[in-house]
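The values are calculated or read from the model by the stated rules, or taken from the named source; none is laboratory data. Note that this is a predicted model, so its numbers are computed, not measured. Note: ideal-geometry Cβ built from the backbone for every residue, glycine included; neighbour counts use all protein chains shown.
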Amino acid sequence: MVQRPQLGLFALSVDVRGDLSKQQITGLLQTLRRVRTPATLSLPSPGAHELVSRALVEPLQHDFAILADPSWASQQAGRTKFARELARRVNVATSNGIDVRTLALDDTELTGNLDLLVKHRISIVRSHSQAGFQPQSLRFGIWQAPVSFSLPSASRWSLVGVEWAVSRALSKAAKARDLVHIVTDANALSDPSVYSTLDRILTLVQKRQAKGQITAVTLGGLVDSLTPQRRKQASRSVLRVA
């Protein structure tokens, strides 16, 4: 079922697949702070990473996601491995004071096992295969966040084209109560042209927010906007043994 948020929304996801330099971390957090845009930071195992520890004390309430790859989150990997790896990564996050509500799929798809997400209180899934501007309701109270744009883009869009397309999408989102969701790679931001493009997009988002046209949210915040009255945890009857 397609579900529209109550307001036009903007979300930024930043995938972190490896180590980042202190300069990269400082630059990213300073940019987000300047444009007042919280981000969903996706890591393979959110925990003892300098970006995580520094983001936790930022004035903005950044969100954290588990970045899931095919080695454990694909259909071929199987339910048992998925359950074990998901539990391990959630436990690492929890032990570091991190509340994880998002599973970000990286080059893989989740065809089942939604009950295991409920078990670990994960309420939203992000998938690159789901493009567009409208969140969808799955089963057991789980939501799916579409990816509107990737930066850098592997499609026909040039960086300038992406800026134009995002601007147009934000205008439509403000009227149609859609979600504009950009996913970028943290290491790609070392490229000055990619960084400058994202910076200009976020500055545009900030201006739209100031005019009351759009609201910037994390993916966890997106769930709250879709379900203002938070649903009770799903019954244990949906939780099959892994």
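Per-structure values
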quantity: Test: Leu103 is assigned to a strand (DSSP E or B) and surrounded by 19 or more Cβ atoms within 10 Å (Cβ to Cβ); calculated: yes
quantity: So Asp191, is it of a type in the set (Asp, Glu), touching a Phe, Trp or Tyr at 6+ places or on another chain (Cβ under 6 Å) and either within 20 Å of Gln24 (Cβ to Cβ) or surrounded by 17 or more Cβ atoms within 10 Å (Cβ to Cβ) (or both); calculated: no
quantity: Tally of residues being farther than 14 Å from Val180 by Cα, of a type outside the set (S, T, N, Q) and crowded, with 17+ Cβ neighbours inside 10 Å across region 107-139; calculated: 11
quantity: Checking Thr80 against (1) touching a residue at least 24 places away in the same chain (Cβ under 8 Å); (2) within 23 Å of Val147 (Cβ to Cβ), the condition it does not meet; calculated: (2)
quantity: Checking Leu67 against (1) modelled with pLDDT under 95; (2) under 21 Å from Gly220 (Cβ atoms), the condition it does not meet; calculated: (1)
quantity: Qualifying residue in region 136-158 (condition: over 19 Å from the mean Cα position of the chain (by Cα) and β-branched (Val, Ile, Thr)); calculated: no
quantity: Some residue of region 153-167 being assigned to a loop (DSSP other than H, G, I, E, B), in contact with a Lys or Arg (Cβ under 8 Å, 6 or more places away or on another chain) and surrounded by fewer than 21 Cβ atoms within 10 Å (Cβ to Cβ); calculated: no
quantity: Pair list, Cβ < 7 Å and 6+ apart or interchain, from region 40-64 residues that are under 20 Å from Arg121 (Cβ atoms) to residues that are among the hydroxyl-bearing types (Ser, Thr, Tyr); calculated: Thr40/Ser13; Thr40/Thr102; Thr40/Thr218; Ser42/Ser13; His62/Thr218; Asp63/Thr40; Asp63/Thr102; Asp63/Thr218
quantity: Counted residues, region 125-138 - those being in contact (Cβ under 8 Å) with a residue 60 or more places away in the chain and more than 17 Å from Ser74 (Cα to Cα); calculated: 4
quantity: Single residue of region 183-203 satisfying the filter (hydrophobic (A, V, I, L, M, F, W, C) and outside any helix (DSSP H, G or I)) that is farthest from Thr102 (Cα to Cα); calculated: Ala186
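The rows are residues; the columns are (1) in a helix (DSSP H, G or I); (2) touching a Phe, Trp or Tyr at 6+ places or on another chain (Cβ under 7 Å); (3) not aromatic (Phe, Trp, Tyr).
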residue: His128; (1), (2), (3): no, no, yes
residue: Gln134; (1), (2), (3): no, no, yes
residue: Ala145; (1), (2), (3): no, no, yes
residue: His181; (1), (2), (3): no, no, yes
residue: Val205; (1), (2), (3): yes, yes, yes
residue: Gln213; (1), (2), (3): no, no, yes
residue: Ser225; (1), (2), (3): yes, no, yes
